[in-house]
Amino acid sequence: MSTTLNRKALRELKQHPLRTLLAVITIATAVASVWMLSVPRTLDAGMDNRRELDAAHTIRLFPDNLRYSGEGSEAPPAAAVISPTELAALEELPNVDAVDSRPVWWTKAQIGGRPIDVWLVGVEDFDGQRVNAVQVESGTAPADGEAETLVDSSSVRTGRLASTVGSSVELRAGDAEFYEFTVTGIGGTVELNPSAGDETPVFYVDAEIVRLFLAATGFNSIEVRVEDPAAVEETVEAVREHLQRVAPDASYWRIADVVRAGDWAGREQLDRLLPLIYVLAAVATTSAVILVATTMSTVIRGQSRQIGILKAIGASRAAILTGYLRSGLLLGGSGALLGTALGVLASGTLARYAQQQLLGIDPVSSFDLPVAFAGAGLGVAVAALAALPALRRAMKIPVRAALDDHGTGGGFDRSTVDAAIAAAPFRRQMTRIGVRNVTRRTSRSLAAVAQIALGVAAALAFGAFAITGVAVSSDTLEREGSDITVFGEMSLLEPEAVADIETLDGVAAVQPTVDARAEYSGGRLTIRGLPADPIYEPQLSAGRWFTASEVHHRDTVAVIGAALAELTGATVGHTIEIAINEEVREVEVIGVDQSLVQDGTYLWMPLTTVLELEGLPAPPMYWVQTTSSEPVDVDRVAAGIVDILEQPGRPVTARARYVELEAARREDRVVGGVIQMLALPILAVGMIGLVSAMTSNVLERTREIGVLRSLGARSRHVRRIFRAEGTTLSIAGWLVGIPVGYGLAHLIVWLFGRAIHTSLALQFPIWLVFTVLLGVIVVARAALRPPLRRATRMQPGMAIRYE
Amino acid sequence: MLRVTGRKVTRSSNETAGTGSGIELSGVDKVYRTGRLEYRALRGVDLSIEAGELVAIVGPSGSGKSTILNIITGIDRPTAGAVTVAGERIDTMTEEQLAAWRGANVGIVFQFFQLIPVLTALENAILPLEFNGNGAGATAVERATGNLQLVGLGDRLDHLPAELSGGEQQRVAVARALANQPKVLVADEPTGNLDSKTANHVMELLVALNRDGTTVVYVTHDPQLARFAHRVVAVQDGRIIDRGGEQ
């Protein structure tokens, strides 16, 4: 008996191919949504793979170890030469696998008739690279001693550079002159190529060329690769001790970069997005589970009569249950297989996009076995379990009632909801029918509304999150206030010369500033020195800004960023310890700044204090505020500044901030794109829910459509009925989705705020709510096309006979 | 005893019997295909029904009588042969043309009533008027109300189908079929789901409509109900075996 029932269950799946296909696609969507969880792991795998290929560094030190000897140049203060022998000795230290060094220099390239900031990175020997090996993705490596360069592939891929192999580019040397280089290849190495947070293009050249450019000897980047990344801390100490011993006077132009086990450039940014990915996966899975449960319920609902027949001819409850559960398992298994394929494809596409656009690496794929098991298990389990309540309901229907069930019913009566719907003044009968049909299958309609609501909620929440992010980012950037940042590349600017800038047409204000790197108990931070009346507009949530007196007396007082306040637990009146230039200082907190400059981990101190801490005789950097923020005006002022300040052998950078703003916006767009792509499965599940509900309704009302056609209904009349029904479900979903989306937006903004140790004010504009409504209606109309096509293409005769 | 009450169905002179509301089936074959299986429901059927006739089609289950009705209304298309109804060749029409044509010329009463469950009796009765572009305004409501009164349901206008008895539902179905004052009214086992008393009432209603000029064709397997017809056409194995004195 049970074997016959199994055969029957199988044949029924074949007999209703559309319904079966819909169920399989539904389960597949649920399974595929779980694959979202594999994206971060794929990114990890991609970076690990690339770091391995490149022999990426674990420790990077930045000694002031370039000795300028050219005409007009000045020796850097307290520079100590670390000889190649002393460097090679690092390899004898425990856990050190390989050591390499290179000269790097921040300069300009002439691109499209306009100078842009670039890094010039020297490679000692392209054929014998030991750490951070530059890979040639196309073309060839530059030849020794030739004016040739290899352009970083990230900048080419993202369109920041339009260089091709064989093209030429002009790079600026230490004498402020531009020299033409031939692009021989495109490629790079993962730790030196641009990544999120620093999008400055990189040009790789022969190390000797960099030295020649600067009329210098030596190197200013030491890269160390360790054997066991887990023991990196001990190795860092050993390296520091060694360098302290062999070059006690060496100073470092940047704080050491230590890549801990599992860490990589951009990892921090990704980690901040992880909570959002988990929220998305949870919402997508919830929506998908509702969809699978509804689909299975619909499948079983359509079998009521068959179950009645089986009961009438004496089938046992267990035999019927087993037969249908096997159908559920079969559907679940098929959905799991298809869903795994879809999940691999979708998560692979997303991971590829993120690897290329966010991480700037060649994409790699990985098959996430735990996610595969979780997804497939979910598909099979949910399909089987979801069938149970519907089966239990079907089993309870009396045999007589079940035999009379042609699956066309569904109630519309005098209940409060139905009466309210019946009272709605629709002019057209078709609209009236469509709207009233919504309550004929209450649970199915509720499920469709729930799925659309979740899709709407996801769109609203992530839209609001993106808007909040952009608003916070713009606010932060605007608070910085300056339009141009000016600094000498090889020496400090002379204050008298800087004074001349103020006379330039278009300059509104000039202000000295200084950045210094320091460490505190929780990690690294940046200190920015500013005057008592800065161009920068702090957003103080507690305390005050420093006074002219404090600046004058070089007091060690500070205004700290909100994230730093949370991380250290410090607030106004407290002191925090920072290590700057190997010296520990106690700094009194006098204010807390809510703005998100450097993600809220900044420490603002009086300019004079920072200059003293850094041992600088004059400010190394100036902010210039222009009278007009138009790029053309800012460029003109920047060019004027360079003309005033630059002298042979003393290059000056006047960096227009609108370029940084554009880069920041571009980054926002990429991150926003990834988040939107992550939200897509939820919308897809929502829309599949709508298609599923409407297709089930069309199938169930096939005979009714036949009757309508027999009474003279044209295609447009039938379309109008189902469109009204679909639109009603969509609008109901939208309405329900608004409060859910508002709550979800609060949750993800709170989660993101927690990840960056600050609180963000949620922006939830009303226009977003209506934009999402428009989107829902447009997408719903598209989603309704297949069931509508089916409804209108039916021949009345066949429709009336449909069972 | 049901009385046909309310207004009488009136027609203009060119709508009355004998002016193109006749039915002509010529050499009609109908083959149903399901996968690899073929079922020949009609085999070379020739049938002529004059305008104003009241014709019953009888025959055993599966004989093809419902298929003949479906062919007459254009619900099914003939596999071969020609079908002319109310002066128009309908076997060459597209589905959209057929729907429009049905709305204007044919009223259909189904065995299982087939009312739209979410619409009240009045709304069901207005529905074909809307399909035909006459559904809006007081005139449509007036006409549909008149038809419901005609079938004795003037006091059930706002009732949903679920709130009506089987007989009442079938009378709503008749009122709906009359909405556009069709030239031809076809009924497929119109009393199949009714008790004998209610069945007789419905048949009297069809007779009254025919008396007012509507061509009525109905299918039944009940010899008692066939007696209401002017002519009884017998069908067996997809062939007409008795034309009932067709001219």
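The values are calculated or read from the model by the stated rules, or taken from the named source; none is laboratory data. Just so you know, these numbers come straight off a predicted model, no measurement behind them. Positions of Cβ are backbone-derived with ideal geometry, glycine not excepted, and every protein chain shown enters the neighbour counts. Ligands, DNA and RNA are stripped out before the accessible areas are found, and what is left, the full protein with its side chains, is counted by its heavy atoms. Shrake-Rupley method; radii C 1.70, N 1.55, O 1.52, S 1.80 Å.
Counting only protein heavy atoms and a probe of 1.4 Å, the accessible surface of the range A:104-216 is 47% carbon and sulfur. For the range A:104-216, the per residue solvent-accessible surface stands at 35 Å², with DNA, RNA and ligands left out and a 1.4 Å probe. Stretching the chain fully between A:LEU385 and A:ALA579 yields a gain of 63.9 nm (0.36 nm per residue, less the alpha carbon separation). Size of the range B:186-247: Rg and Dmax of its alpha carbons, in Å, are 12.0, 34.
In plain terms, the chain from A:ALA424 to A:ARG317 could stretch by 34.1 nm, reckoned as 0.36 nm per residue minus the Cα-Cα distance.
Each of A:ILE290, A:ILE309, A:LEU330 was scored by the projection of its Cα onto the charge dipole of the range A:285-396, and the greatest displacement toward the positive side belongs to A:ILE309; charges sit on the C-beta of Lys, Arg, Asp and Glu. By DSSP, what percent of the beta bridges with both residues in the protein assembly as shown are antiparallel, rounded to the nearest 5? So the antiparallel bridges in the protein assembly as shown amount to around 70 percent.
For the range A:499-521, the residues whose backbone nitrogen is under 17 Å from a point 7 Å from the Cα of A:GLU630, taken along Cα to Cβ, are A:505-508. Remark: spin-label model distance B:ALA80-A:GLU180 equals 8.5 nm, labels positioned 7 Å along the Cα→Cβ axis.
Give me the dipole magnitude in Debye, nearest 20, for chain A about the Cα centre, with unit charges on the beta carbon: positive for Lys and Arg, negative for Asp and Glu.
Numbers: 72 positive and 88 negative charges, 2212 e Å.
In debye, rounded to 20, chain A gives about 10620.
In the range A:104-216, what percentage of the DSSP-assigned beta bridges are antiparallel, given to the nearest 5?
Around 70 percent antiparallel, to the nearest 5.
Placing +1 on the Cβ of every Lys and Arg and -1 on the Cβ of every Asp and Glu, with nothing else charged, gives the range B:167-247 a dipole about its Cα centre of roughly 240 debye. In the range A:710-755, comparing the full protein assembly with the chain on its own, the residues that lose 50 Å² or more of accessible surface at a 1.4 Å probe are A:SER710, A:LEU711, A:ARG714.
Per DSSP H run of at least 4 residues, take -39500 (n - 2.57); add these up for chain A, divide by its residues and hand me the 222 nm value, nearest 500 deg cm²/dmol.
-17500 deg cm²/dmol
Working value for the protein assembly as shown: equivalent-ellipsoid semi-axes of 83, 29, 26 Å, each the square root of 5 times a Cα gyration tensor eigenvalue, largest first.
Using 0.36 nm per residue and subtracting the Cα-Cα separation, the extra length available between A:VAL470 and A:MET798 on full extension is 112.5 nm. The modelled label-to-label distance for the pair B:SER61/A:SER83, using points 7 Å beyond Cα in the direction of Cβ, is 11.0 nm.
Give the shape of the range A:490-650 as rounded, prolate or oblate, defined through the alpha-carbon gyration tensor: a ≥ b ≥ c are the square roots of its eigenvalues, a/c under 1.5 means rounded, and otherwise the shape is prolate if a/b is larger than b/c and oblate if not.
It is prolate, given that a/c is not under 1.5 and a/b is the larger ratio.
Think of the protein assembly as shown as having a plus end and a minus end, set by charges on the Cβ of Lys, Arg, Asp and Glu; of B:LEU129, B:THR215, B:ILE68, B:THR215 sits farthest toward the positive end of this dipole. So how much accessible surface do B and A hide from each other in total, probe 1.4 Å, in square angstrom to the nearest 100? So the buried area, both faces added, is about 2800 Å². Picking from A:VAL123, A:VAL151, A:VAL210, whose Cα lies most toward the positive end of the charge dipole for the range A:104-216 (charges on Cβ: Lys, Arg +1; Asp, Glu -1)? In the range A:104-216, that residue is A:VAL151.
Rounded, prolate or oblate: which fits the range A:104-216 when a ≥ b ≥ c are the square roots of the eigenvalues of the alpha-carbon gyration tensor, with rounded for a/c under 1.5 and prolate only if a/b beats b/c? Because its axes are fairly even, with a/c under 1.5, the range A:104-216 counts as rounded. Relative contact order, whole percent, for the range A:104-216 stands at 37, derived from Cα pairs under 8 Å and 6 or more residues apart. Where a ≥ b ≥ c are the square roots of the eigenvalues of the C-alpha gyration tensor, would you call the range A:666-757 rounded, which needs a/c under 1.5, or, failing that, prolate if a/b is larger than b/c, or oblate? Because a/c hits 1.5 or more and a/b exceeds b/c, the range A:666-757 counts as prolate. What the range A:523-607 shows is 42 Å² of accessible area per residue, with the surface traced by a 1.4 Å probe over protein heavy atoms.
Return the percentage of antiparallel bridges among DSSP beta bridges fully within the range A:490-650, rounded to the nearest 5 %. In the range A:490-650, approximately 70 percent of DSSP beta bridges are antiparallel ones.
For the range A:745-803, would you read off the P(r) tail past 13 Å as a percentage of all alpha carbon pairs?
Summing the P(r) tail past 13 Å for the range A:745-803 gives 75 percent.
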